[in-house]
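Peer 1: First the structure, which I've put down as structure tokens, then a few questions once you've had a look.
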Amino acid sequence: MADCRRCGHERLARHLPAVPPRREWISALAGLNLVLLHREAGKVFDRLAHTSWSLVGTSVEAGAPAMVMIVLEPTRGLRAMAAVAVSAVVGAWGWAQYPYLLPRTLTLTEGSATATALNAQLVIVVVAAVLVAASLIYLYWLRQHGRHRRGRRRRRTRRGQRRPVTAQR
């Protein structure tokens, strides 16, 4: 909602829910997930609680302020806090599941590709990253120097004549 208001879309902001889901429900769902995880995948739960506890703590420490920020609607720092919380919990999950890709069935070494395939993938990722980064840097430079303008369009008037219309900012 804050982004809608910041960009001047008040009508859209009115249609969004004014109150986010209650923290109690979210906490209850997280607790239920932990109970189910303990029952269904005890080894992963133990490793999550003991081995990767630092990442779980980081997720909680970033997630709690993010929940408060959602309710209070400050825009600065909310995305960063949420990104840290999600990244930490995904990292904790991966750390707790190591060395398995699929618990008790497929290990990391069994599921990995050959060295040739991994090298080819690495080359593709590097080339794609260079191309995308160069494009984004160029677009940023154009935008900062005022050279990124929308094209001129033509619109018909009531009498059928065409007149140029400049794009609005």
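The values are calculated or read from the model by the stated rules, or taken from the named source; none is laboratory data. No experiment lies behind these values; they were computed from the predicted model shown. Reconstructed Cβ throughout: ideal geometry from the backbone, glycine too, with neighbour counts over all protein chains shown. These area figures cover heavy atoms from the full protein model, side chains too; ligands, DNA and RNA do not enter into them. Shrake-Rupley method; radii C 1.70, N 1.55, O 1.52, S 1.80 Å.
Peer 1: Hey, can you tell me all the residues within the range 1-19 that are open to solvent by 80 Å² or more (accessible area, probe 1.4 Å), at pLDDT below 75 and part of a loop (DSSP other than H, G, I, E, B)?
Peer 2: Within the range 1-19, P17, V19 qualify.
Peer 1: Ok, one more. For V127, only one of the following conditions fails: (1) modelled with pLDDT under 95; (2) over 30 Å from E40 (Cα atoms); (3) open to solvent by less than 100 Å² (accessible area, probe 1.4 Å); (4) in a helix (DSSP H, G or I). What is its number?
Peer 2: (1)
Peer 1: How about the range 68-88: which of its residues are assigned to a helix (DSSP H, G or I) and either more than 17 Å from the chain's Cα centre (by Cα) or surrounded by 17 or more Cβ atoms within 10 Å (Cβ to Cβ) (or both)? It would help to see each step written out before you state the result.
Peer 2: Initially, the range 68-88 is screened for residues assigned to a helix (DSSP H, G or I), giving 68-72, 78-88.
Passing the criteria: V68, M69, I70, V71, L72, L78, M81, A82, V84, A85, A88.
Peer 1: Now a separate question. Which members of the range 40-53 meet the condition of being open to solvent by 50 Å² or more (accessible area, probe 1.4 Å) and of a type in the set (S, T, N, Q)?
Peer 2: If the condition is that a residue be open to solvent by 50 Å² or more (accessible area, probe 1.4 Å) and of a type in the set (S, T, N, Q), then T51 is the only one that fits.
Peer 1: Looking at A134, A120, A167, A64 in this structure, which one is under 21 Å from the mean Cα position of the chain (by Cα), aliphatic (A, V, I, L, M) and either surrounded by 10 or more Cβ atoms within 10 Å (Cβ to Cβ) or modelled with pLDDT under 80 (or both)? I'd like the intermediate steps shown before the answer.
Peer 2: On the way: A134 fails: under 21 Å from the mean Cα position of the chain (by Cα); A120 fails: under 21 Å from the mean Cα position of the chain (by Cα); A167 fails: under 21 Å from the mean Cα position of the chain (by Cα).
From the options A134, A120, A167, A64, the qualifying one is A64.
Peer 1: Within the range 103-117, how many residues are loosely packed, with under 10 Cβ neighbours inside 10 Å and aliphatic (A, V, I, L, M)? Reasoning before the result, please.
Peer 2: Here is the first cut: in the range 103-117, the residues loosely packed, with under 10 Cβ neighbours inside 10 Å are 104-105, 109, 114-116.
Still in the list and also aliphatic (A, V, I, L, M): 115.
Number satisfying all stated conditions: 1.
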